[in-house]
Each structure stands twice: as structure tokens, then as C-alpha cells.
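Below: the structure, in C-alpha cells.
The values are calculated or read from the model by the stated rules, or taken from the named source; none is laboratory data. For clarity, every value in this text was computed on a predicted model and none was experimentally measured. So basically every Cβ, Gly included, is an ideal-geometry build from the backbone, and we count neighbours across all protein chains shown.
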Amino acid sequence: MKLVTLLMILMSFAAHAKTILFLGDSLTEGYQLSREEAFPALIEQELKKVFPSTKVINGGVSGATTASGVKRLGWYLKSKPDIIVLALGSNDGLRGLRLEQSEKNLSEVIEKAKASDIKILLVGMKMPTNYGETYRKSFEKLFVSLAKKYKIPLLPFLLEGVGGKPKLNLPDGIHPNTAGHKIMAQTVLKALRPLL
Amino acid sequence: MMKLINVKKNYGLGLSRLEVLKGITLEIQTGETLALVGKSGSGKSTLLSLMAGLDQLDEGEIWVDDKCLGKLNEKELTIFRAINMGIVFQQFHLVSTLTAFENILLPLSLLKQTDAIKTAEELIEKVGLASRGGHLPSELSGGECQRVAIARALATKPKILFADEPSGNLDEETGEKVMDLLFKMVSDTNTTLVLVTHDKDLSKRCSRIVHLEHGSLA
Amino acid sequence: MIYKIFLIKEIKKYPLFYLLLIFILSLGMIGLASINVVSQQVKSKLDANAKELLTSDIVVSARRDLLDDEKKSLRSVLDSIPHKSYKLIDIYSMVRLEKNAQTRLVEIRSFEQGFPFYGAITLANGKFESQGLYISQDLARLWGAAVGEELKVGEKKFKILGIVIKDSSQGLRGFSLAPRIYLPLRDVETTGLLRPGSTGSFAYHYLIPKFRDKDFEILKKDLLSKLPDLALKVTLPKEGSEQTGRVMEYLTDFMSLSALVGLILSLVGIFYFYQSHLVTRLKDFCLYHLFGLQKGELLWGLILQFLVVFTVVSLIVILSINPLYSFLRPYLSQTLGIDLNSTFKLNSLILYFPILFTLSLSILMPLFFGLMRTSMGVQLKSAKISLGKFQYYDFIPFLICLWGFAIFLSHSLKIGSLFFWGLMLVFGVSTFFIKSLQWLLKKYFTGKELVFINLEFGLAIRSFIHSGHSLTMSFLSLAIGTTLISLILQLDGLIQKEFVLDEKKPSLFLFDIQEEQLDPLVKLSTKMGVTLEGITPMIRARLEKVNGVPFNRVEESGNLRTREDEVEARMKNRGINLTYRKNLSSAERLVDGEEFPISSNDKERAAFVSLEKRFAQRMGLKLGDKVSFDIQGVEIEGIVKNFREVKWTSFYPNFFVNVEPGFLEEAPKTFLAVLPQIDEKRKTLFQRSTVEIFSNVSFIDVGELIGKISDIFKKSRQAIEVISWLSLSIGFVILYGLAHDQVYRRYYDLALMKTLGFGALSLRKYLLIEFGLLFSLASVIGFFLGWLIAVLIGSEAFKLSWSIDWGKFFFPILLLSILCLVTILASSWRAIKAKPRELLSGS
């Protein structure tokens, strides 16, 4: 009887032990911040309170575009992630790359993840207003259509409540500071919970 | 041993021509000590320079033994002078960068004489400066410098020694001592001496006195 | 009476000496003045270049617009200063070419009236005005867009008014990711692109005509104190580009050193000749003293006399510099490649005169002190006149003045002191050398035969041993002279090497090339007749631990005020881009540690890592340190194997951290590549084709910036060359004078030796041997020490890598030797004609 209880408890823990991969760019990496201050680590801290064996892999690379997504996912598959938070695309937008190609790249990543039975949370981004309405709208739509196509949850805007606020960003005005990351962590965590 | 025949010397050209020596005829015997006296501007230095082969005459001849100085070219004259003549200057004129000993050695080395060092050592001994041989002229007194100059002048055993107011730069006492030395060494070696001086007492120590006045023998 | 004697009689009696004095001093001062003038000109031209890059005198900028109170603070500082200003906003945006509905990323430069204050925007046709839309040549080519066609920018459409073929402005810092279009700010404001939520560069540019460098520095400090937000930056032109700033620093420092060298050379000359003169005059001074002139009055008379001389020199300098400059200007302009101004201001120069007077007087003080120490009564009695000896401590006033002046002129305690102590070193080494040599020779040759090899050689050696004071003086003068010449030449060489940009100048940087895209991209470029270079892998990583201890980061506090602080913070906080490379690139040089082993099959050990020298310093890393990198989740161990130095003149991609091959090949990476300079047509074609196939690959265009920097470098090189030669000419003149004087002083000795039987040939031989020896020794020491000091100054102050330029070693020695020989022969000609009869009393 004791053994069974123990096993059940262990199994319940095991069932909740998750490895979460955050595949993104400088926003994910925590540009100019230490790893502990970036939102993936903050999320890890939170989750560990409830699920002690949660592991978070910060796969953020500053400057990364969707083009590198598939290759990098392949690299991380070794770590056997259960969930992937896919936060790529900002740099594609900032550099004005062709959105059709970005969509294609992201699709590849999603498909590859799905093939490995990994749950996906797609994180969307918005472009600054100076990029022009047409482009901004197309860019936003990209994530929406992908989420729809693959029937995966979408967090519409990673920088919700953070973007454009000087106090929450570094002097460069683009990357969030420690305070900004705290908010991002909350935003993402909220979207993540259903997947856990 | 030295013969001067109608020696003339001019300086300058044209209107500024100056006849310094107007025809000097003179004979000097071996071993003689000749005093050449005269006032300043009488031409005695000029005559000395001609006799010592330090300058070219304009007219006349100067013979030393069987050699006519006027017929020698500069190179020959230089060698002849080095071998046969010695000069002692009023201002000593020692080579400033050689020691007393080396100054005496210099003419010997120049003529590539054997036993140069031995000869120089003997000479410096004779002039009483053996202990001062390693000093530079700047470290010697006037009298000492002149003694070195005498030793140097006699180093190559010249036939004739010219002394141009040798005690002129020295005080009376030192001058006398230096002159004593000079006369002694000259007589020891039977060297002919031509002494230019304005000092009457000094001239009296010579065997002959020749007066020069306005470029002619008086 | 003093005035009558010293200012009239003395000068009348020895006009040649005073003329010589005036000549030498004038030479030194004109040298200083010309270098001053030329360097001011060059500097201002380079400043202008730098200003063109910035487009204004000072810029306040941020990645967001200034808040109201910030604008208020800005106004509070600047309203009291007469100025002009404009606002410049640079944003990226996707714009659409209406004729084919194509969109692409461009950089919009929104400008206000007045832009640019410096430099120019040149159009293919017509004049650049603040009337509407202009596009860059690059964009026109890439897009096939032409004047008159429409572009949709934001919500509005604009007609293309002109095509910009040359834009001297570069942008504040960093490069442009996309081709540029230019649109007046008032128009951009109508496009809806400037709203809350836009990111870009917001810059307030100012033109302040009356201000000079120092004023701007003060202004910057003031502004920074009133605008405390770290987001705001204040930039001055010389900070616009690391390269231009550094070039200007080098140039200014070098110029001031050359000026100093020229001056010291002339001071050496003055000392030398004045000493000879004093010896000549000593007897008369003793007589004056005998007739009642006090020593103090004597001294005062001499000082007064020197003041008069100096005044004459100053007048000469003031009067001659302008005509001299006008005469040389065309030649100089051509050589320097700079259009020199036809006039210049003498104001700054006149400030120098009192300092120069003090300096030159102070070098004469030891002689005056010696004179004061002379027992004049005694001198009159003795046959030999000698000047009282000066003591070494008599030089202290001069040395202090010299040190101070060196620092003043070079504006650097370091350079000035290095220079000064370098000279002291020369002095010390030369004195030691000559004294030791004299001692050795004396020991060996005393009492020996005069002939050594030949009689002339033997006499030359004795001369060496016994010349005492005057020999030491000449030797020192020669040694110092050649040291200074060598110093300038070697430093010139060292700096010039730095100012050579690699033949390889990039025109485009390519980045974000995915691994699988690399081969096809290379094939594409080859097909197009274009060679991609500097293909380097880039792997993102984080420095986690050093020697097992977690690497701590810098607190992001309000202490990050300077650029250096920021860079440091960035270093310690963010990740690092690693690369793997077997060999050093042509821009790199190993400075410490060992190279990576050729190959290693031992993959169990930690990877060897090579660090850029200054990066390692900032991070506090040492050789042998164990470093742990987190490479996207995977920990890789490394050991610091060596430190590298990366040439600051290289524009090719260089990394702070190189890992040895064999460890990182599997990690996710992107590639960088460089497109070297090629013609515009092929460049455009290449860009277009690449974007078609590899849409994620982006370009940064650096061609124009590099072209500009290359130009600055070239001009600097030429300037340095010209200035070196100015100093050197002074040196040659002095050394010539010295050699001539030395030979001529032997007049009576030579006459005497003639009397004793030396022929003219023999005498010449003697002189040649004696001075030849003296000169060779002095110059070998001088050149070697000069090189040493150049290396010291070069590495300490200029941060140059040392090397020896044999060409600049031997060629000048050869030249100077020939000069010396010719001088000796020429001077000896007259001296050898000395008439022995002049030795006689009647003469």
C-alpha cells in the first residue's frame, strides 16, 4: 500500500516534470542581462516552486531570425524538451525580410516540433509604428495565421505592457530591462499554464 | 751651411704692395748661434719664416748645404724641413691632444725613426721633464711647455734650429732657465741656432748678431 | 657702460657669431612655428572630416525623442550660446515603390532645414534642398527606381525628387542596415510613422561657430550633467569614428614631438657655439673686469645681449613665417593632399616666445655660471686662458624648463616625460660610453708608440683620449643630435605602419548566413565573378564560469556614464559571439601565450581559447584560466591559451573570443562574410541576387565610411613625413655646423703639424679618421638610442607595436656619414691651407 502511494506520488511528479525550451532571439536571451534575469529563468523560478524538477532551456540568440529556427531546434532536441516557446520573428521584421519566407521557416519549426511530440506555444510580436501600417498588419497576421493553421496556442504580443515604456526598457529603447523581463515572465507564464 | 742670396719678399699686390725684405744676403756656419734682432715690423719674422722654409721667397735663393730651398716643391720642402730643421715658437705650439712625451715623439714617429721611444725618453730626461711626460700641454707651465718644445725641435737631430722669441711668453726667471737649456742643448749637439729676439741681453749670448731694419741688414 | 660694451661693441666686433646665433635660434623657432602652423592646418582639416561624418559640432541623441523637461534642460544650456540647430530622426521603415508594388526596408533620414551643417549631400542632378523625397544611389540601383517615381512612405506618397550619389554624413554610430531615403521631417510627420511606439534615432544637432575643442568638451560635460538619463548621449565629432579620433591623436602628438626635437637641436647648437665664443672672449672679459666691470654686471650684460638677440630672432620669425608659408604652401598642399589655408593666425605662436626665451636662456646658464666662477685676475696672468668649469647641477634650471616644455608642447605628461627621460638616457649613456672609451684607450696607449695602424690613426686615438671637455661636448652633441633624428624617423616609421589600411577594404558586410546557405552563396558569388572573403562562423554563447566560479556581472546602475563603462557593462552582461579559427587573421597578432596546437585528437580535454588582449583585460581573464561557456544550453569548457592583438585599422570581422577548431562545429551558427571593394554595378547585382535567393542574409554597407577613413589615413601619413623632414633639416644644419667648427678649431694644430712635416693628405686623413670615428660612434649610439626611445614612446604613449625599420636606420646614418665626410673635407680644405708662418710671433 505504501509502495503504491509512493509510486503514485512519484508518477504525479514525473507527470508534471517538464523541460521547456524557449527558442527565440535577444528578447528571450535577455540582452545585456544575466541569464537569471531573463524571463525564461524567471519562469523557471516560478514553476520550480510548484514543479521542482522543471527545467528551462534558454535557447535565445541575439540577432536570430526564423531562418535559424529549424537547425537550432535540432540542436536542442537532444535535451528532449516537452514544451517549446517559439518566440522568433522580431529580427525578420526589423530587417524587413520577406514575410512569406519567415512564415515558411516558422512552419518548419512547428512541424518539426510536432513530429517530435513537443507542445508549442507560439509567441507573436509587433513591429514598431515606424515600420508602416501595412507591414505591421502583415507581420501580426503572420503569427495569427500560423497559430490557426497548426492549431497551436498563440501569445499575441511578447512585449505586452512593456514595449515603448522607457522605464521598462534599456537605453536603446528596444530591449526590456530587468523590470521589463519580470512582466514578460508573467505574460508568458499565463499563456504557458494551459500547456503544463 | 746656410746661405741667403739677395732674398726678397713682398706682401700684397699692386698699390698695396709692401716690400718686407729688400734683398738679404747672409751666410751662416755650422754650429753658429746667430741672433736676428730688430724692432717690430723690421721683417725678422718674415726672414725667419723664409729661412725655415715656412714661406716662399719672391726673389733670391736660400741654400742649406747643397739644397736650394726655392727649387724644392712643397712636398720636398716639407720633408726637408722635417729632417733638417727644428723650430721653437714663442707660443710653444704643442699639439694640445698629445702628452709632453708624445709631443716629443711626434716628429720621430713621423720620420719613422727606429728607437723613437728611446730617443724621446732620453730627450725628455735631458730637459728635466721625465716625471711630467704624461701631462698634456694644458697641464704644464709655460716654462715646461717650452722645454718640451725644445726637446721636440731637437728630436730629429736637425741641422739647424730656429727659435722665434722663445722666452717672449715667459717671465724673466723662467725665460732665463729655458734659454740656458736651449743654448746648452744646441751646443751639445753642435746644432746651428738662429734666434729671433728683441732682447739685447739674449742676443749677446749668441756668437753673432745680425740687425734687421726696414727689411734690410743694418 | 654695460649697454655700450655688450650691445654695441661686442656685437660689432663679432658679427658672425651673433649672426650664427640668430640663425640657429631662428631655425629652431621657425621649425617650431612651421610645424605648429602645418599641424594646426592638418588638424583642422581632419577635424572638418570628422565633423562631416557627424554633420555638426555636437549632437544630443537617444533612441527615443527627448522628453519635455529634457528639452527644457537642453534649451537652458544652449539658449545663451549663439548657435544653429536641426533635428534629425532616423527610422527604419518598409516603404513601397508604387510602380511595381515592391516593398523593402529603408532607413529614413528625416531632416530639418540646415542639414547638414558640415559636409554635403550631392545629387546626381540638381541641388539638395529640404523640399521633398530623395533616395540614395544604392536604393535606386537595387530597386531600379528613378526620379519622378512614387514611393509610399507610411500613409503618404511622395515623388522622388533626386538621387543622392554622395552623402558625407555617416550616421551617429554604427552602420546602416538598409539603404537611405531622405525626407524632410515635416513630411515624415505626416506619414504617421512617428507615433508612440516608434523606435529610431532622435538627434539634435548643433552648430556653434565660436567654440573651440575645449569649449565643446565643457559643453558636453554640462549637457551630460543636465541630462542624467543614460538613454541620452552627447557626441562630439572625434568620437564619431574610433579610427579618425585615434589618427588625430597620433598626428598631434607626433607633430609636437617633432617640433620639440627641432627646437632642442637648435638649443644644442647654441650651447656649443656659445661656449666656443665665450672662450674666445674670455680674455677681454677678464680685462673688463680688471677695469672695473663687476661680475654681476658682466652677467647682466650677457643676458641683456641675449635678450636683444632673441628679440631679433622673434622679429625674424614673425616677419618671415608668412612669406615662407606662402612660398611653401603649394608644395605642402600637394604633398599633404590638403588644401591649406592661405593665411593663418600667429596668436598661439606668440605665446610661445617667452617660454622659448626662458628655455634658450636656461641652456646658456651653465656657461654663465662657469664664467662667474672664473678667477679673472688669475686668467690674465697665465698664458693659457680657460673658462671656469660648469658643473652638472648648473643644468638643473634648463632641465626643469625642458621637461616642462616637453609636457606643455605634447599636452601629455607621459609623452613629455618619456621624451625628457629618453634624452637623459642618451646623455647618461653617451657620457658613460665616451668616458669609458677614453679610459680604456688611455690605459692601453699611454707610453706606447704613436703609430697604430698608421700615424694618423694613432694621433686620432690620442686626440680621443686627451680632448677632454671639448670631445665630450662634441660627442654628446652628435649623440643627442643623431638620437633625435633617429627618434623622429623611427617614430615616423612606426606610426606610418599603423596608418596603412589593409589592401583589403570591405565594401559590404554580410551576416546571418545560415550554415546550409554558405556553400550555395559562395557558389553564387563565384559565378558572378565576386569573391566573398573573411567567411567566419559565429556562435552565440554566454560566459558562465571562470575557474569554477560563476562569472559575476556588473551592476546596471547609474554609474554607466562613459562609453567605456557601457561597453564594459555590455561585455559582462550579455552573451559573447564566439568563432572557431585555426590561424590568426592578417589583422591579428599573438601577444602572449602559445598558438593553438596544429591538430589534436584529444577531444576529452577542454578547448583552447584565444582572447583579444583588451577584452581579456576588461573581463579580468588571465592565461591558463578555465572558462565555461554556455552554448545554447550545452556547456563547453575552455582554457585561455593566448592573447591576441587586433589591428585597429582592420575593418574585417574579428572576434574577441576564438576557440580552437574541433569543438564548436556542431553548434548552431551563422556565418559572416565580407565583400571586398568592387565596382558598383557588380555590387548591386550581387546584393539583388543574394536577397532573391537567401532572403534572410542582410548587408551593411561600409564602403563610403572606409573610403573616408582611408583618405584621412593617407593625409596623415603625408603630414608626418613632411614634418619629420622639417625637424631633420634643422638637425642636419646643426650637425654640419658642429662638424665644421670642430675641424676649423684645429687650425693652429694643423699649421703646427704642417711645420713638423705632415703633408696635406696626411692631415686630411688624420681629420677624417678622428671625426669619422667620433661621428660613427656617436651616430651608432644615437641611432640605437633614438630607436629605443621611439619604441618606448611608441608603445607607451601611442600603443604601437615595436619593430625596427632598418631602412630608416641605415639610410639616414649613411646620409649623415656622407654629410659628415663632406663637411670634414670641406672644412679641412681651408684649415689645411693654414699657413705655418702664422704660428710665428710676428703674425
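In this structure, does residue C:769 turn out to be in contact with a helix residue (DSSP H, G or I) (Cβ under 6 Å, 6 or more places away or on another chain), away from chain B (no Cβ under 14 Å), β-branched (Val, Ile, Thr) and touching a residue at least 24 places away in the same chain (Cβ under 8 Å)? In short, no.
Has region C:698-708 got at least one residue that is at pLDDT 80 or above, away from chain B (no Cβ under 14 Å), over 32 Å from the mean Cα position of the chain (by Cα) and in a loop (DSSP other than H, G, I, E, B)? Checked against the condition, which is being at pLDDT 80 or above, away from chain B (no Cβ under 14 Å), over 32 Å from the mean Cα position of the chain (by Cα) and in a loop (DSSP other than H, G, I, E, B), region C:698-708 yields no hits at all. Looking across region C:747-762, the residues that are in a helix (DSSP H, G or I) and closer than 15 Å to residue B:111 by Cα come down to C:753, C:754, C:755, C:756, C:762. Scanning region C:281-339 for residues that are among the charged types (D, E, K, R) and either on the phi > 0 side of the Ramachandran plot or assigned to a helix (DSSP H, G or I) (or both) gives C:281, C:283, C:284, C:295, C:297, C:329. One residue is enough: does region A:127-138 have a residue meeting the conditions under 30 Å from residue C:60 (Cα atoms), at pLDDT below 95 and surrounded by fewer than 20 Cβ atoms within 10 Å (Cβ to Cβ)? Checked region A:127-138: at least one residue is under 30 Å from residue C:60 (Cα atoms), at pLDDT below 95 and surrounded by fewer than 20 Cβ atoms within 10 Å (Cβ to Cβ). So in region C:742-764, with the set limited to residues that are more than 9 Å from chain B (Cβ to nearest Cβ) and surrounded by fewer than 19 Cβ atoms within 10 Å (Cβ to Cβ), which one is nearest to residue B:55 (Cα to Cα)? Among them, the one singled out is C:747. Given (1) under 13 Å from the mean Cα position of the chain (by Cα); (2) crowded, with 22+ Cβ neighbours inside 10 Å, identify the lone condition not met by residue B:21. So residue B:21 meets the others, but not (1).
Before we move on, is residue B:42 among the small types (Gly, Ala, Ser) and either within 30 Å of residue B:130 (Cβ to Cβ) or surrounded by fewer than 16 Cβ atoms within 10 Å (Cβ to Cβ) (or both)? For residue B:42, the condition - among the small types (Gly, Ala, Ser) and either within 30 Å of residue B:130 (Cβ to Cβ) or surrounded by fewer than 16 Cβ atoms within 10 Å (Cβ to Cβ) (or both) - is not met.
Could you tell me whether any residue of region B:189-201 is surrounded by fewer than 22 Cβ atoms within 10 Å (Cβ to Cβ) and aliphatic (A, V, I, L, M)? Checked region B:189-201: no residue is surrounded by fewer than 22 Cβ atoms within 10 Å (Cβ to Cβ) and aliphatic (A, V, I, L, M).
Per-residue answers, yes or no, for (1) facing chain B (nearest Cβ under 9 Å); (2) surrounded by 14 or more Cβ atoms within 10 Å (Cβ to Cβ); (3) touching a Ser or Thr at 6+ places or on another chain (Cβ under 7 Å):
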| residue | (1), (2), (3) |
| --- | --- |
| C:430 | no, yes, no |
| C:433 | no, yes, no |
| C:436 | no, no, no |
| C:440 | no, no, no |
| C:447 | yes, no, no |
| C:450 | yes, yes, yes |
| C:458 | yes, yes, no |
| C:462 | yes, yes, yes |
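All of B:125, B:121, B:139 fail the test of being acidic (Asp, Glu), surrounded by fewer than 21 Cβ atoms within 10 Å (Cβ to Cβ) and more than 13 Å from every other protein chain (Cβ to nearest Cβ), apart from B:125.
Matching residues to (1) within 14 Å of another protein chain (Cβ to nearest Cβ); (2) in a helix (DSSP H, G or I); (3) among the hydrophobic types (A, V, I, L, M, F, W, C); (4) touching a residue at least 24 places away in the same chain (Cβ under 8 Å):
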{"residue": "C:714", "(1), (2), (3), (4)": "no, yes, no, yes"}
{"residue": "C:725", "(1), (2), (3), (4)": "no, yes, yes, no"}
{"residue": "C:737", "(1), (2), (3), (4)": "no, yes, no, yes"}
{"residue": "C:777", "(1), (2), (3), (4)": "no, yes, yes, yes"}
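In the set A:161, A:180, A:173, only one residue is part of a loop (DSSP other than H, G, I, E, B) and free of Cβ contacts under 8 Å to residues at least 24 places away in the same chain; that residue is A:173. Residue B:172 passes every criterion in (1) over 13 Å from the mean Cα position of the chain (by Cα); (2) buried (at least 20 other Cβ atoms within 10 Å of the Cβ); (3) at pLDDT below 90 apart from (2). Please indicate, with yes or no, whether at least one residue in region A:141-158 is closer than 30 Å to residue C:157 by Cα, β-branched (Val, Ile, Thr) and within 12 Å of chain C (Cβ to nearest Cβ). Among the residues of region A:141-158, not one is closer than 30 Å to residue C:157 by Cα, β-branched (Val, Ile, Thr) and within 12 Å of chain C (Cβ to nearest Cβ), which makes the answer no. Figure legend. Inter-residue proximity from region C:177-189: first residues within 15 Å of residue C:162 (Cα to Cα) and modelled with pLDDT of 90 or more, second residues of a type outside the set (Phe, Trp, Tyr) and assigned to a helix (DSSP H, G or I), beta-carbon distance below 8 Å, spacing 6+ or different chains. Indicated pairs: C:181/C:139.
Might you check whether a residue that is more than 9 Å from chain C (Cβ to nearest Cβ), out of contact with any Lys or Arg (no Cβ under 7 Å at 6 or more places or on another chain), buried (at least 20 other Cβ atoms within 10 Å of the Cβ) and touching a residue at least 40 places away in the same chain (Cβ under 8 Å) occurs anywhere in region A:67-75? Yes - at least one qualifying residue is present in region A:67-75. Being part of a strand (DSSP E or B), of a type outside the set (A, V, I, L, M, F, W, C) and more than 14 Å from chain A (Cβ to nearest Cβ) is the filter here; which residues of region C:631-672 pass it? The answer is C:637, C:638, C:641, C:642, C:644, C:645, C:658. Report yes if residue C:771 is crowded, with 19+ Cβ neighbours inside 10 Å and outside any helix (DSSP H, G or I), otherwise no. Considered against the rule, which asks whether it is crowded, with 19+ Cβ neighbours inside 10 Å and outside any helix (DSSP H, G or I), residue C:771 comes out as no. Restricted to region C:675-697, and to residues there that are buried (at least 23 other Cβ atoms within 10 Å of the Cβ) and in contact with an Asp or Glu (Cβ under 7 Å, 6 or more places away or on another chain), the residue that is farthest from residue A:65 (Cα to Cα) is C:697.
Residue-level check: of (1) more than 8 Å from chain C (Cβ to nearest Cβ); (2) in a helix (DSSP H, G or I), residue A:85 misses just (2). Against the test of being more than 11 Å from chain C (Cβ to nearest Cβ) and polar (S, T, N, Q), the options A:34, A:90 yield a single qualifying residue, A:90. If you go through region A:13-66 and keep only what is crowded, with 24+ Cβ neighbours inside 10 Å, part of a helix (DSSP H, G or I) and over 12 Å from the mean Cα position of the chain (by Cα), you end up with just A:66. Within the option set B:104, B:83, B:5, being touching a Gly at 6+ places or on another chain (Cβ under 9 Å), within 13 Å of chain C (Cβ to nearest Cβ), surrounded by fewer than 22 Cβ atoms within 10 Å (Cβ to Cβ) and on the phi < 0 side of the Ramachandran plot holds for one residue only, B:83. The set of residues from region C:181-193 being surrounded by fewer than 22 Cβ atoms within 10 Å (Cβ to Cβ) and either more than 12 Å from chain A (Cβ to nearest Cβ) or more than 17 Å from residue A:135 (Cβ to Cβ) (or both) comprises C:184, C:185, C:186, C:187, C:189, C:190.
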